[in-house]
Amino acid sequence: MAHDPLFEQRIAEALKAQGAKPEHKKMFGGVAFMVHGNMSVGITNKGDFMVRFDGSRHAEISKWPGAKPMTFGKGDMKGFLFVDADAVESPKALEKWVTMSLAHIRTLPKKTAAKSATKKPAAKTAKGAPSKKK
């Protein structure tokens with residue numbers, strides 16, 4: 001299934017209904033919804049629903065209907081899964097995944113946008129004067 005803008009809108013609305021203020025960010029070949037600077041859920045350009053959750057519950061949650069491993073590199077990403085779009089077709093099913101993800105995201109430290117790089121002070125010589133690089 002290709003990326004579905006209506007599905008993307010449903011995801012955003014489900015997050016907002018839970019009091020989140022999601023920010024869209026292009027990520028994983030699709031759109032990730034960031035909450036407090038942390039990826040919560042998203043949708044790939046192929047239409048797969050992505051979800052992030054507490055990794056200590058990975059074995060349990062990976063058995064939920066529609067759950068598929070999210071693999072990058074050598075293995076599954078603990079605390080991340082893909083979910084078949086048909087498994088989150090109903091508002092209640094989508095809400096279940098979003099609620100679970102937000103419960104985890106709200107335990108994480110908030111991330112802010114990277115500040116512009118500041119210049120480091122020049123290294124000082126033994127006498128305390130700035131050194132000159134050639």
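The values are calculated or read from the model by the stated rules, or taken from the named source; none is laboratory data. From a predicted model like this one, the values you see are computed outputs, not experimental measurements. Methodologically, a virtual Cβ is constructed for each residue, glycine included, from the backbone with ideal geometry; neighbour enumeration extends over all protein chains shown.
Here are some notes:
- Options ASP86, ASP54: the member that is in contact (Cβ under 8 Å) with a residue 12 or more places away in the chain, under 13 Å from SER101 (Cβ atoms) and charged (D, E, K, R): ASP54
- Residues in region 1-52 that are surrounded by 14 or more Cβ atoms within 10 Å (Cβ to Cβ), more than 11 Å from the chain's Cα centre (by Cα), among the basic types (Lys, Arg) and within 17 Å of PHE72 (Cβ to Cβ): there are none.
- Considering (1) of a type outside the set (A, V, I, L, M, F, W, C); (2) at positive phi; (3) over 12 Å from the mean Cα position of the chain (by Cα), the lone condition that THR71 does not fulfil carries the number (2).
- Failed criterion for PRO109 (all others in (1) surrounded by fewer than 13 Cβ atoms within 10 Å (Cβ to Cβ); (2) in a helix (DSSP H, G or I) hold): (2)
- Filtered by the rule that a residue be at pLDDT 95 or above and β-branched (Val, Ile, Thr), region 12-36 gives a lone residue, VAL35.
- Flag if TRP97 is at pLDDT 80 or above, in a helix (DSSP H, G or I), among the aromatic types (Phe, Trp, Tyr) and surrounded by 13 or more Cβ atoms within 10 Å (Cβ to Cβ): yes
- Residues satisfying the stated conditions in region 46-59, i.e. of a type in the set (Lys, Arg) and part of a helix (DSSP H, G or I): ARG57
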